[in-house]
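Here's the structure we're looking at; comments come further down.
The values are calculated or read from the model by the stated rules, or taken from the named source; none is laboratory data. What you are looking at is a predicted structure, and each value in this text was computed from that prediction instead of being measured. Using ideal geometry, Cβ is built from the backbone for each residue, glycine included, and neighbour counts are taken over all protein chains shown. These accessible areas exclude ligands, DNA and RNA; they are computed on the full protein's heavy atoms, side chains included. Shrake-Rupley method; radii C 1.70, N 1.55, O 1.52, S 1.80 Å.
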Amino acid sequence: MDVTPPVVLALDFGGTKTALTVADTQGTRLHDLTVETSAELGAEAGLKRAVDAARTLLADLEPVAVGVSTIGIPGTDGVALAPNIPGWEELALGRELALEFPESELRLATDVKAAARYEYDAGALKDCDPGLYVNLGTGLAVAIVAGGTVLTGRHGASGEIGYNLRTVADVGRGPGDRIPLEDVVSGKALSRAAQANGSTELAHHIGEFIDELAFHLVNLAIAVDPERIVVGGGMVRSWAVLHAPLRTALDAAVPYPPQLVPAAHPYDAPLLGALALAVEAARTGT
């Protein structure tokens, strides 16, 4: 009698798409699928689309473990700091997925931190201490790896630089009274600028985008003194445009300028990080 080998499921919930993979318990990927998040339809619809896609990949199998990376900070009752998908902050993601996959060990992490963990274990941050992972995707965030550990912070919000102040005039102003960094330095921000201004003004906007990114990256490098900065996310497709001005800014201002390289897995490190969580859960069962 044939016995079907056990499998694990990994999901990466992003602002524009959800990526999924089914793998064996050693982490070898067997089936992949990507579905649109369709944020305008809300959190419940996005979760249902992902679960339906997972069922398609799994066929009749039940995963022994499910690893999840998500925008925002997953908690018991919701996902904090995740405004890009309406309702995501109120969605009890862990509980919902536990109901969908009741026989599975479940692990959740913030996408950028999951990506940084994977890049440290098997990518461009390997053996760096400290290292800095910068995600330039739909949103903007970083993760700091020190002593082999991805720093989470007191509330899991370490590295959420999308909330950074942009000028001294922002001091003392709440989020609703100022423009946070992510609203001008992110893939989402560039898309809005392209739609609003057209190609004639986009080049100027990209220049300002890179300048502001460089300003914050320099300050981060001075604060952390990393050995290497690794950049991942969809905007790495424009690495030829980004690299030279960022390199110049770091060399000009940082006392000990770090290396600056694209991620080894620039587009799927969060998914690979989620897969690593699932594999670990399948092995330990705890």
Quick check: with the 1.4 Å probe, what order do 184, 64, 134 take by accessible area, largest first? 64, 184, 134
Per residue of the chain, what 222 nm ellipticity follows from adding -39500 (n - 2.57) for every DSSP H run with n ≥ 4, rounded to the nearest 500? -12000 deg cm²/dmol
Relative contact order of the chain: what whole-number percent is it, with Cα pairs under 8 angstrom and at least 6 residues apart? 23 percent
Other-chain or far-sequence residues with amide H under 5 Å of residue 72's (modelled H): 111
For the range 112-128, Karplus-derived ³J(HN,Hα) couplings (6.51, -1.76, 1.60; θ = phi - 60°; whole Hz; x for glycine and proline) come out as 5, 5, 5, 5, 4, 4, 5, 5, 6, 6, 8, x, 6, 9, 4, 6, 7
Highest mean first, how do 204-213, 123-132 rank when packing is the count of other Cβ atoms within 10 Å averaged over residues? 123-132, 204-213
Most packed first (mean Cβ within 10 Å per residue), the peptides 247-257, 136-146 order as 136-146, 247-257
The chain, accessible area per residue, ligands and nucleic acids excluded (1.4 Å, Å²): 47 Å²
Out of residues 5 or more away from residue 267 or on other chains, whose amide H comes under 5 Å of its own, with H placed 1.01 Å from N in the peptide plane? 233
For the range 146-271, the accessible surface attributable to carbon and sulfur atoms (probe 1.4 angstrom, ligands and nucleic acids excluded) amounts in percent to 57 percent
Once both axes come from the Cα atoms, what is the angle between helix 187-197 and the longest principal axis of the chain, in degrees from 0 to 90, rounded to 10? 60 degrees
Interchain or long-range residues, amide H under 5 Å from residue 31's placed H: 22
With axes computed from alpha carbons, what is the tilt in degrees of helix 43-58 against the longest principal axis of the chain, rounded to the nearest 10 within 0 to 90? 50 degrees
What part of the accessible area of the range 1-135, given as a whole %, is carbon or sulfur when the probe is 1.4 angstrom? 52 percent
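What order, most packed first, do the peptides 221-231, 26-36, 170-180, 185-195 have when packing is the mean number of other Cβ atoms within 10 Å of each residue?
Working: 221-231: 19.7, 26-36: 13.2, 170-180: 11.5, 185-195: 17.9.
The densest-packed peptide leads the list: 221-231, 185-195, 26-36, 170-180.
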